[in-house]
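Taken together, the values in this text are just the output of simple stated rules run on the coordinates, not laboratory data. The structure displayed is predicted, hence computed values, not measured ones. Here the Cβ positions follow ideal geometry from the backbone for every residue, glycine too, while neighbour counts run over all protein chains shown.
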Amino acid sequence: MNEKTEMTTRKSNEMQQTPENVPTLRPPVNIYEDAEGITVEADMPGVSRDRLQLRVDKDQLLVEGDVQFTMPEGMEALYADVHATRFSRSFTLSRELDTDNIDASLKDGVLRLRIPKRAEVLPRKIEVRVG
């Protein structure tokens, strides 16, 4: 990524505490850039579409999701490897990105965000007239 599209992040596998003292996992992400924009892919296993929240405020992108575990009736959990049921990650976005046109999809526990660059920063071809 160049300087203009740099995104500020922290270590992806840290566990942090939210103000409500709910353990929160930072989902690992992959970020790709091409001439038209950036793609952010975040691993959020167990998060359904209705329990996912995406917000943009000025140049801040916030990704949050809650995992919902359902136990079969009459059963109780004796052991669990997963202790945090909340994912949260924030990014500082470059002003050259068009946050009004973010495309988001969730499939197989992977959140994919496509954030295009603003039209005015994209390269364009200038036609030369004769005469």
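Count of the range 63-101 residues, restricted to those that are touching a Leu at 6+ places or on another chain (Cβ under 7 Å) and under 30 Å from Asp34 (Cβ atoms), is 7. Taking Phe91, is it among the aromatic types (Phe, Trp, Tyr), buried (at least 16 other Cβ atoms within 10 Å of the Cβ), under 19 Å from Pro23 (Cα atoms) and within 11 Å of the chain's Cα centre (by Cα)? For Phe91, the condition - among the aromatic types (Phe, Trp, Tyr), buried (at least 16 other Cβ atoms within 10 Å of the Cβ), under 19 Å from Pro23 (Cα atoms) and within 11 Å of the chain's Cα centre (by Cα) - is not met. The number of residues in the range 40-86 that are over 14 Å from Leu106 (Cβ atoms), surrounded by 10 or more Cβ atoms within 10 Å (Cβ to Cβ) and among the β-branched types (Val, Ile, Thr) comes to 3. Here Arg112 fits the description: surrounded by 14 or more Cβ atoms within 10 Å (Cβ to Cβ), assigned to a strand (DSSP E or B) and among the basic types (Lys, Arg). State whether one or more residues within the range 111-131 are touching a helix residue (DSSP H, G or I) at 6+ places or on another chain (Cβ under 9 Å) and among the aliphatic types (A, V, I, L, M). Within the range 111-131, one or more residues are touching a helix residue (DSSP H, G or I) at 6+ places or on another chain (Cβ under 9 Å) and among the aliphatic types (A, V, I, L, M). Scan the range 48-96 for residues that are touching a helix residue (DSSP H, G or I) at 6+ places or on another chain (Cβ under 7 Å) and assigned to a strand (DSSP E or B) and jot them down. The one that is touching a helix residue (DSSP H, G or I) at 6+ places or on another chain (Cβ under 7 Å) and assigned to a strand (DSSP E or B): Val56.
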